[in-house]
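Visitor: Just passing along the structure, written as structure tokens.
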Amino acid sequence: MPATLEKSTETIENTKKSNISSLIEAELKSIRQTRKASRDERRCTQCGYCITLCDYGAFTVDQKTRIVNYDSENCVSCGICIKTCPVRAMNYNI
Ligand code: SF4
Ligand code: SF4
């Protein structure tokens with residue numbers, strides 16, 4: 001294959017990959033904005049396990065009451081708490 005054709009083919013392939021990556025990133029961003037984890041308060045035992053697991057600060061503990069608060073605004077939909085909550089209190093709400 002001539003060098004110029006090879007270069008053009010490479011450029012096209014790189015453009016395709018870049019476009020696909022952009023589409024995937026946009027879709028993930030859209031999912032993260034709309035799909036937040038929710039907590040079933042009837043199931044939650046307030047064990048606090050999720051506080052150390054969530055890297056985004058969605059769980060905090062009230063120092064006075066020791067109640068574990070959940071703020072879905074901080075959730076980026078990583079799914080860690082859903083997979084690891086011992087009593088399956090965390091779920092996606094869609
Ligand atoms: S890990 Fe589950 S049960 Fe424990 S505090 Fe978090 S949501 Fe509640
Ligand atoms: S899904 Fe991820 S970001 Fe959202 S609350 Fe659970 S651990 Fe935190």
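Each reported figure results from applying straightforward, stated rules to the coordinates on display, with no laboratory input. Just so you know, these numbers come straight off a predicted model, no measurement behind them. Cβ: placed from backbone, ideal geometry, glycine included. Neighbour counts: every protein chain shown.
Visitor: In whole Hz, with x marking every Gly and Pro, tabulate ³J(HN,Hα) for the stretch 54-68 from phi via Karplus 6.51 cos²θ - 1.76 cosθ + 1.60, θ = phi - 60°.
Guide: Using θ = phi - 60°, the values come out as 7, 7, 10, x, 6, 10, 9, 10, 6, 5, 7, 8, 6, 6, 8 Hz.
Visitor: Could you tell me which of 24, 51, 86 has its Cα farthest along the dipole of the chain towards the positive end, charges placed at Cβ (Lys, Arg +1; Asp, Glu -1), taken about the Cα centre?
Guide: My answer, from the dipole projection, is 86.
Visitor: Give, rounded to the nearest 20 debye, the magnitude of the charge dipole that the chain has about its Cα centre when Lys and Arg contribute +1 at Cβ and Asp and Glu contribute -1 at Cβ.
Guide: Once rounded to the nearest 20, the dipole reads 420 debye.
Visitor: Now for a different question. Specify, per residue and in Å³, the volume enclosed by the convex hull of the alpha carbon atoms belonging to the stretch 13-62.
Guide: 109 Å³
Visitor: Normalise the Cα radius of gyration of the chain by 2.2 N^0.38 Å (N = residues in it) and let me know the number.
Guide: Working it through for the chain, the quotient is 1.70.
Visitor: Next question, about the same structure. When ranked by the protection proxy of mean other Cβ atoms within 10 Å per residue, highest first, what sequence do the peptides 10-19, 55-64 form?
Guide: Ranking, from highest mean packing down: 55-64, 10-19.
Visitor: Considering amide H positions built from the backbone, and no H for Pro or chain starts, which residues 5 or more places from residue 61, or on another chain, come under 5 Å of its amide H?
Guide: So residue 61 has HN proximity to 69.
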